[in-house]
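Trainee: Supplied in structure tokens, the structure appears directly below.
The values are calculated or read from the model by the stated rules, or taken from the named source; none is laboratory data. Bear in mind the structure is a predicted one, so any value in this text is a computation, not a measurement. Cβ atoms come from the backbone with ideal geometry, glycine included; neighbour counts cover every protein chain shown. The accessibility values were calculated without ligands, DNA or RNA, using every heavy atom of the protein model including side chains. Shrake-Rupley method; radii C 1.70, N 1.55, O 1.52, S 1.80 Å.
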Amino acid sequence: MKRILTILALLGAMNVQALSTQAFVKQLRNTHPFFNQQALSSQIKQIEKQATGANEDWMVALDGYYKSENADNIDTSVYDQLNTTSVGVSATRKYANTGGNITFKHILTDKSKDIGSVRSQFSVDYKHPLLRNKSGINDRLNADVAQISIDKNTLERLEAEESFILAKLERFIDLAYAQERQLINEHRLTLAGKELNLVKQKYAASVVEKVDVLLQQDAYQRANQQLLQAQQDLTLLRHEIAITLSLDFTKAVADTDLYQTHNLQAMALKKYLSDHARVLKINALTQKTFKRQLQSFKDKSKAKLDLNLGVSSAGEHGSYSDAFTRQSPTWKIGLGLSYPLGGIESNSNINKANIQLLNLKQARQEQWLNLYMQAKTLKEKIGLLEQLLHANQTQIDIAKARTTEEKKRYNDSNGQASFVINAQNNEQNAQLNYAQVAKNYQKTVLKFKATVDQLVK
């Protein structure tokens, strides 16, 4: 009830709604540029993946030349002078899924002067790998690595968002604590004011001494100073939250139960983290990248054996039309073999990739140990903080009872004003300690959920 009254007081008369935890996160996602940056990083990865398909683009080429030959002084030549004009057009495309490539080519040659003829030749050539780059394993390397990078970026993005949201939610809990702290200090100041008025009345009636009035005035000023400090801290936090969420200052009010306890999901931490931890999945994808590269490194150390197929059609006549229409077909088939001697680069790349894989496996084990240690200690801390919360509640009840008894004794002239003030201060400290423990508890729960990747899914 007191929390609701505090929220209403902070909201004032304006028709605005306080922020729940869910509303806080939703507003954060909708307004903060961090999330737009994350989305843009994913788009970049998609564009990089598209770029890997460039090796399958058609490559169109055009070449030509003009040659003039004078054979006057060559006895064996069948012509005195020959001018040759040649133009060739070709289109080549690689198929990454097979590793093969195909080339379409047309060459037109015109010979003039003493000999007049036109030659037109069409050809189609296809090369298919049988050993190295079989099934396009090397041609697909960049595309495969880019896809792994996209999958990895998805997990890294979730991890970054979770860390960011955790940090901002901790500030949201700080805001809820600051509101509670102000409420406690306001209550203390109200009580101190009432006690001061009562002591002044008793002093006027000569029931108490001047020192009792001074003691109560000192207690009132201390309470007022504490309230002013609490108001300052709360105001600064509200400005911070308002700017972070792009909200008006009046809307920066937390509506969350600081003292709520949570029933955490029961799980076998070791196995759960090993199976579900995003950090370990990111490590596995990094290993997958090196394994894919290792496949290509090993493949490049093989002999290059290609199957070459080709068909062509050529015609050579005195006119362009005859050269195009009267042609003779030809086909060919063959093998091309080459083998790298030494293999220094391939062996170096293979050894390096193997060492990197071993390093990643050791890093995974270290990551798993760190995660388990952090999750285990946070879970234990949550249990201990819950016990401390119950102990604080008991302490508050005792402090309230003591304050009541001290007031009763003082009103019966059997006690001193300093005892009442001390009891009231003790009660306030117990409530502040309770709020402080509650704040630590809520933050610890958030950290635990983030550690086991349950804060952002």
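Trainee: How do the helices (runs of 4 or more DSSP H) wholly within the stretch 2-105 filter down when requiring 2 or more residues that are out of contact with any Cys (no Cβ under 8 Å at 6 or more places or on another chain), modelled with pLDDT under 75 and open to solvent by 80 Å² or more (accessible area, probe 1.4 Å): which remain? Lay out the reasoning, then the answer.
Mentor: Numbers: elements: 2-11, 21-31, 33-51.
Where helices (runs of 4 or more DSSP H) fall fully within the stretch 2-105 and carry at least 2 residues being out of contact with any Cys (no Cβ under 8 Å at 6 or more places or on another chain), modelled with pLDDT under 75 and open to solvent by 80 Å² or more (accessible area, probe 1.4 Å), they are 2-11.
Trainee: Follow-up question, since we're still on this one. Quick check, is Glu366 closer than 21 Å to Leu264 by Cα and either at pLDDT 95 or above or in a helix (DSSP H, G or I) (or both)?
Mentor: no
Trainee: Give Asn392, Asn349 a once-over and let me know the one that is open to solvent by less than 90 Å² (accessible area, probe 1.4 Å), within 30 Å of Lys302 (Cβ to Cβ) and in contact with a helix residue (DSSP H, G or I) (Cβ under 6 Å, 6 or more places away or on another chain).
Mentor: On the way: Asn392 fails: within 30 Å of Lys302 (Cβ to Cβ).
None of the others qualify; the one that does is Asn349.
Trainee: Which of the numbered conditions does Ile333 fail, given that it passes all the others? Conditions: (1) surrounded by 12 or more Cβ atoms within 10 Å (Cβ to Cβ); (2) over 30 Å from Glu156 (Cβ atoms); (3) in contact with a Leu (Cβ under 8 Å, 6 or more places away or on another chain).
Mentor: Evaluating Ile333 over (1) surrounded by 12 or more Cβ atoms within 10 Å (Cβ to Cβ); (2) over 30 Å from Glu156 (Cβ atoms); (3) in contact with a Leu (Cβ under 8 Å, 6 or more places away or on another chain) leaves (1) as the failure.
Trainee: Which one is surrounded by the most Cβ atoms within 10 Å (Cβ to Cβ) among residues in the stretch 233-281 that are farther than 22 Å from Ala167 by Cα and of a type in the set (D, E, K, R)?
Mentor: Among residues in the stretch 233-281 that are farther than 22 Å from Ala167 by Cα and of a type in the set (D, E, K, R), the one surrounded by the most Cβ atoms within 10 Å (Cβ to Cβ) is Lys281.
Trainee: Still on this model: Collect the residues in the stretch 214-228 that are more than 16 Å from Ala423 (Cα to Cα) and touching a residue at least 40 places away in the same chain (Cβ under 8 Å), keeping them in residue-number order.
Mentor: Gln226, Leu227
Trainee: With Glu156, Glu170, Glu161, Glu180 as the choices, which residue is modelled with pLDDT of 95 or more and open to solvent by 50 Å² or more (accessible area, probe 1.4 Å)?
Mentor: The match here is Glu156.
Trainee: Against the condition of a type in the set (S, T, N, Q), more than 23 Å from the chain's Cα centre (by Cα) and not in a helix (DSSP H, G or I), how does Thr250 come out, does it pass? It would help to see each step written out before you state the result.
Mentor: On the way: of a type in the set (S, T, N, Q): yes; more than 23 Å from the chain's Cα centre (by Cα): yes; not in a helix (DSSP H, G or I): no.
So Thr250 does not fit the description; no.
Trainee: Considering only the stretch 106-124, state which residues are in contact (Cβ under 8 Å) with a residue 40 or more places away in the chain and open to solvent by 50 Å² or more (accessible area, probe 1.4 Å).
Mentor: Gly116, Arg119, Gln121, Phe122
Trainee: Can you confirm whether the stretch 132-153 contains a residue that is more than 30 Å from Glu316 (Cα to Cα), in contact with a Leu (Cβ under 8 Å, 6 or more places away or on another chain) and not in a helix (DSSP H, G or I)?
Mentor: To start, the set of residues in the stretch 132-153 that are more than 30 Å from Glu316 (Cα to Cα) comprises 132-153.
From what's left, in contact with a Leu (Cβ under 8 Å, 6 or more places away or on another chain): 132, 148, 151-152.
If we keep only those that are not in a helix (DSSP H, G or I) as well, we get 132.
Scanning the stretch 132-153, I find at least one residue that is more than 30 Å from Glu316 (Cα to Cα), in contact with a Leu (Cβ under 8 Å, 6 or more places away or on another chain) and not in a helix (DSSP H, G or I), so the answer is yes.
Trainee: Ser413: part of a helix (DSSP H, G or I), among the small types (Gly, Ala, Ser) and either out of contact with any helix residue (DSSP H, G or I) (no Cβ under 6 Å at 6 or more places or on another chain) or open to solvent by 20 Å² or more (accessible area, probe 1.4 Å) (or both), yes or no? Show your work before the answer.
Mentor: Details: part of a helix (DSSP H, G or I): no; among the small types (Gly, Ala, Ser): yes; either out of contact with any helix residue (DSSP H, G or I) (no Cβ under 6 Å at 6 or more places or on another chain) or open to solvent by 20 Å² or more (accessible area, probe 1.4 Å) (or both): yes.
The answer is no for Ser413.
Trainee: Additional query: Which residues, taken from the stretch 296-316, are touching a helix residue (DSSP H, G or I) at 6+ places or on another chain (Cβ under 8 Å) and either surrounded by fewer than 18 Cβ atoms within 10 Å (Cβ to Cβ) or free of Cβ contacts under 8 Å to residues at least 12 places away in the same chain (or both)?
Mentor: Listed by number, the residues that qualify are Lys298, Ser301, Gly315, Glu316.
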